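Each value in this text was obtained by applying a stated rule to the coordinates, not by laboratory testing. The model shown is predicted, which means the values in this text are computed figures rather than measured ones. Cβ coordinates were reconstructed from backbone atoms using ideal geometry, including for glycine residues, and neighbour counts include every protein chain displayed.
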Amino acid sequence: MTYLDDLSQQLRAVGVDGRRRRRIVAEFADHLACDPRADLGAPSEVARQFANQLGTTLARRAAYVSFAALAVAGALFGVDFLTAQTRALAPTGSSTLAYVGAGMALACCQVAFVAGSLAALRALRRRGAGVIARPEAVVIVRRAGIGLVAGMTAMLGFILTAAGLGHYAATWWRTLIFASSGTAIVVLLAAAPAVLAAMRLRPLAAGPAGDLNEDLGRLLPPALKGRPWRFAVVVAGAVALAVAAAGVAQADPFDGALRGLADGAACLGGFALLGRYLGLRV
Amino acid sequence: MRAEALKGHLDALILGVLEHGPLHGYAIIEELKARSGGSLEIPEGTVYPALHRLEAAGLLVSRWSEGARRRRVYRLTARGGRELGVRRSEWTSFAKAVDAVLAT
């Protein structure tokens, strides 16, 4: 087996895709044609370097690209959400499909926001690192991927809501929801290749995945450092209070308190369900 | 200078070499050796992963050349030029500080 054949095999083994693999082999072939005695290093070591360096860059890029897409989708979601509070909806109008859609939209938009923001935050914290550990790259890419999927599900939820409400909603509002949510889904889909590329090629370096301490650094109060569950309870409490306060402001304190409790419980449930998977706790 | 000492500086060196015009991988390595008067011992296989990484980060762009042999030619982007400026100024401060300590 020639050096170049071995290199190609090693690159394939670490996850370098066919197109890039052919390009690398062609570059090494050119180098060896210029200097047949050149010492380019063991193929396994060269492949490892490609995986470490490209895997790191791709993980960071996946986080930034998905965050940018989520920011656009978030703005469109805001338009959908605010217009839903107007007189576009008849107060008596409801349907099971609309309830399911609204539930999807409200739950998934929060997951998308948390996952996408934390992906970008960790990538930003590791912006100067030439190589990041494989478990940490997995967490970053996972957050970016979950953020995109949750974002698309939230927008789909709005579409289902509009479809479910049918003639209970103004035509202009349904058209707006279909257009804005559809646009958001297209934007989020456009970010998916960056995440998929990072899923295929991951760094091989060993090391910890890290948790909220790595994400928030000095922003995390000392009392909450190394205590992820306590952090989750504080955040859930703050969310519950904010929602309840909004209810009071809207002159509906009982409903606000109920919604606050539900939102706080959803926060804790989300943390229990996805906390470990998204690298929020070890 | 040993390869270990170059760790962390390879990106800046590559960007610096490409500042003067596009080059392919082998020529970049040769230029690095020539400009350092042969005192930089660059493990040649490490330059290619760095080139791909810098390109993925948007600091370089590359294309196949149209010559007799198929070669990947790298060029500095505007962002790469700005990054080189940052790295250069960081290096100047670092070298000045180390110099001040070692000179005493």
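Couple of notes before you dig in:
- The stretch A:57-203: relative contact order in percent, alpha carbon pairs under 8 Å with at least 6 residues between: 44 percent
- Here the stretch A:190-237 is assigned +1 on the Cβ of each Lys and Arg and -1 on the Cβ of each Asp and Glu. Its dipole about the Cα centre then comes out at about 60 debye.
- Sparsely packed GluC sites (Glu not before Pro) within the stretch B:1-82, loop by DSSP, other Cβ within 10 Å at most 14: B:Glu19, B:Glu41, B:Glu66
- Distance from the stretch A:118-149 to the stretch B:37-86 (C-alpha centre basis), Å: 25 Å
- Label separation (A:Arg20 vs A:Arg227): 4.2 nm, computed from points 7 Å beyond Cα along the C-beta direction.
- Net charge dipole size for the protein assembly as shown [Lys, Arg +1 and Asp, Glu -1 on Cβ; Debye, nearest 20]: 100 debye
- For chain B, a simple Cβ point-charge model (Lys and Arg +1, Asp and Glu -1, everything else neutral) yields a dipole of about 320 debye relative to the Cα centre.
- Contact order for chain A, expressed relative to its length and based on alpha carbon pairs under 8 Å spaced 6+ residues apart, stands at 23 percent.
- What the Cβ-Cβ distance of A:Ala262 and A:Leu189 gives, at R0 = 30 Å and to the nearest 0.05, is a FRET efficiency of 0.45.
- Nearest 10 degrees, 0 to 90: helix A:3-14 Cα axis against chain A principal axis: 20 degrees
- Spin-label model, A:Ala129 to A:Tyr99: label points 7 Å out along the Cα-to-beta-carbon direction sit 4.6 nm apart.
- Scalar couplings 3J(HN,Hα) for the stretch B:43-53, obtained by applying the Karplus form with A = 6.51, B = -1.76, C = 1.60 to θ = phi - 60°, are x, 4, x, 7, 6, 5, x, 5, 4, 5, 5 Hz; x denotes Gly and Pro.
- Farthest positive-ward along the stretch A:1-155 dipole, Cα basis, beta-carbon charges - from A:Ile146, A:Leu76, A:Ala42: A:Leu76
- In chain A, the longest principal axis of the Cα atoms and the axis of helix A:43-84 are about 20 degrees apart.
- Considering only B:Gly38, B:Gly25, B:Leu10, and ranking their Cα positions along the charge dipole of the stretch B:1-74 that arises from unit charges at the beta-carbon of Lys, Arg, Asp and Glu, the one farthest toward the positive end is B:Gly25.
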